[in-house]
Structures are given as C-alpha cells and as structure tokens.
1. Just grab the label-to-label distance for LEU331 and THR294, each label 7 Å out from Cα along the Cβ direction, in nm (one decimal).
2. Within segment 60-93, what residues put their amide N at less than 13 Å from the label point 7 Å along the Cα-to-Cβ vector of GLN106?
3. What whole-number value in cubic angstrom gives the convex hull volume per residue for the C-alpha atoms of segment 15-122?
4. Can you bin every Cα-Cα distance in segment 260-339 into 10 Å intervals starting at zero and give me the percent of pairs per bin, rounded to whole numbers?
5. Mind giving me the nanometre distance, one decimal, between the label points for ALA96 and ARG207, set 7 Å out from Cα along Cα→Cβ?
6. How big is the equivalent ellipsoid of the chain along its three axes, where each semi-axis is √(5λ) from the Cα gyration tensor, reported in whole Å from largest to smallest?
7. Please identify the helices of the chain, taking whole runs of DSSP H, that span at least 15 Å along their own axis as judged from the Cα atoms and have a mean Kyte-Doolittle score of 0.5 or higher.
8. Could you work out the Rg to Rh ratio of segment 101-180, with Rh taken as the Kirkwood radius (inverse of the mean 1/r over all Cα pairs)?
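Only the coordinates and a few stated rules stand behind these numbers; no lab work does. A quick note: this is a predicted structure, and the numbers were derived from the prediction, not measured. So basically every Cβ, Gly included, is an ideal-geometry build from the backbone, and we count neighbours across all protein chains shown.
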Amino acid sequence: MDIQITTTLQQPIHSGFDGASTAAEVIQGIDLTGKTAIVTGGYAGIGLETTKVLCAAGATVIVPARDLEKASLALQGISGVQIAQLDLIDPASINAFAERFLATGQPLHLIINNAGVMANPFTLDARGFESQFATNHLGHFQLVVRLWPALRRANGARVVALSSWGHRYSPVIFDDLHFQHRAYDRWLAYGQSKTANVLFAVELDRRGREDGIRAFAVHPGSIVDTDLKRHMSMDELEKAGVFDQDGKAILDPSRQLKTIAQGAATSIWCAVSPQLNGMGGVYCENGDISPVTTEEQARRNNDILDRTASKAFGVLPYAIDPLAAERLWVLSEQLTGLK
C-alpha cells in the first residue's frame, strides 16, 4: 500500500458523531453479549469509562493491572469485569498474561490499548529502552502479537491503539529511539510514542486483515480529569488552556475540552461501530475518521480558542506512512524478540 492509497482511506465518513458525543451514545443499540475484550488501563480515567460501557453492553472485559488492589477498588460492582496481573514495561509479565489467556482457548474480540504515560522525566526500562516508547508502544506491541491466536479465533476482531494529537511533536526517530545521541525532551519522547501508536495500527491492520483482525488509532481529545497529567505542572496546564487560574479544570465540549465520558467515545466507536465494518488502518478522532493535515495546519489547529466539537485536528502524513509502519513493526519484532 503506498502513501497515496493510505491517504485516500484517511477521510471522514460523516458518522454523525462529534467531540461532544459520549461513549454511551456511540454504543447505543449494540449488543456485545458473548464478546471478550481486553482494556489496558481499564481501571482509571477514560479506560475505566471504556470498561463500564463495554460491560454494560454485555461484553466480558478483562482489565490487566499492575496494581491489583487499586484496580479492584475502582472496578468494584461492575458486572462482567475480570482483573489480571500485567505490567506493560515488563516483558515477562506480558508473556505470562498472554499465556494465561491463550490457555483458556477463548476467542478475543477486542483489545483496547488504553494505558500509557505522558511527558515523564527521562527513564530507561531494564532493557535500556526509553520508558514512554517502551510503555506506550512496545508493551502493547508485545501484548497484541502474543495474543494473535486468540484474535484470529474471534473471526472478526478489532484492536484500538490510543494515540494522541500529541503525535505532532515528533515522528519516530529510528536512528535514536532511546535518546542516546540527543538531549532528552519529554514531549518529543511522548510524540514519538504516539506516532508509533498510529504506525502500529496501520501495519497491524495490513498484516491482520486476512485473519479478520482490523486496527484503528485514536485521539481521545483533551481530558484533564485523568492521571495522565501527573507529570505536568499547574503552569503548563494553564498555558495549555485546560485549567483556569484558580486551578479548576475547564470542561467545554464545544472546544473539545472533554469529560471522561466524551473522551472514551472514539475508542468505543472504533471498537464496535458497524460504520467501520470492512475498514481499518486509520486514525480517528471525535467519533469519525480524521482528515490528513499538514504541519502548517497543525500549528493553526492547536489554537484552543479556535476549536469546535466538529473540528478535527487531523493526522500528519508521517504517522500513516506505510513504509514507516512496516519499518517500525520489523524493528519492534527485533526489540521484543517476537515475530
């Protein structure tokens, strides 16, 4: 698939949803009885909302968690949810989780790669890999590849990778993924990991479609009521336009400053909507497929005062480049020792 074909696929379909739509609205009328889903980070923020909405529609949702006690408290009282041990930055933990699931023989209909870190200080994992790239991309790559037999068994599975408009900060720098030869910048590292999430969905969809596995990347929107902001100062949050001078979160769906229920909507839409049947390998936002944008447009679109619920930021061409997507997949196989 060349970049021109990819760009043709990357076009809005006018779904009828926008940035103010909620997860409950986009799943309305869809019955997931008998379906099994895995939602990483499914016990906090928009991940918790994703879990609740999928369970309410009849799905069995497995929530992997590093902190089992915290997950149990957050998920208490939700029917249809299961909790299992998993640490996305620990390859042995991912393998153990996957082996336990595969041993059940169950089909796996949905994986929503919701967990992630953002803009943390420079940290390397035990393998020497930069932590944002390792957690946001490599951990999920390993999880999906290890669970491939269960996805095939579903005869129609979807994988949703939570990316971000933050992919605009950086393409994947293949020659220096782990900041060994350049100064660390936490936003460049975040942007690289979010671009990797999009490229992962592009190549996963290409490799998986013959097995009935389709993939989507998602920008959930600006949602301030989550733990993702824990490495940002109040000054940064004010400058980003998501907190006021009194330290209160600004919620304004008309400008895509979303509630948690709105932030989970596009993930749910990509996971279950029949509007996307036969489609995949695209980046979505505001309950629709995003248009392709340019770096100049990206700078203009970032103006928080100029946002509307129906206005898409778009996706930069380097994030949906099929050659970069294939290169990242092969490199990820090498880094994780998986094929």
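1. 2.7 nm
2. 60-64, 80-85
3. Measuring per residue, one finds 131 Å³ for the Cα hull of segment 15-122.
4. 15, 34, 34, 15, 1
5. Going from the ALA96 label point to the ARG207 one covers 2.5 nm.
6. Result for the chain: semi-axes of 26, 23, 22 Å.
7. 45-56, 91-103
8. 1.05
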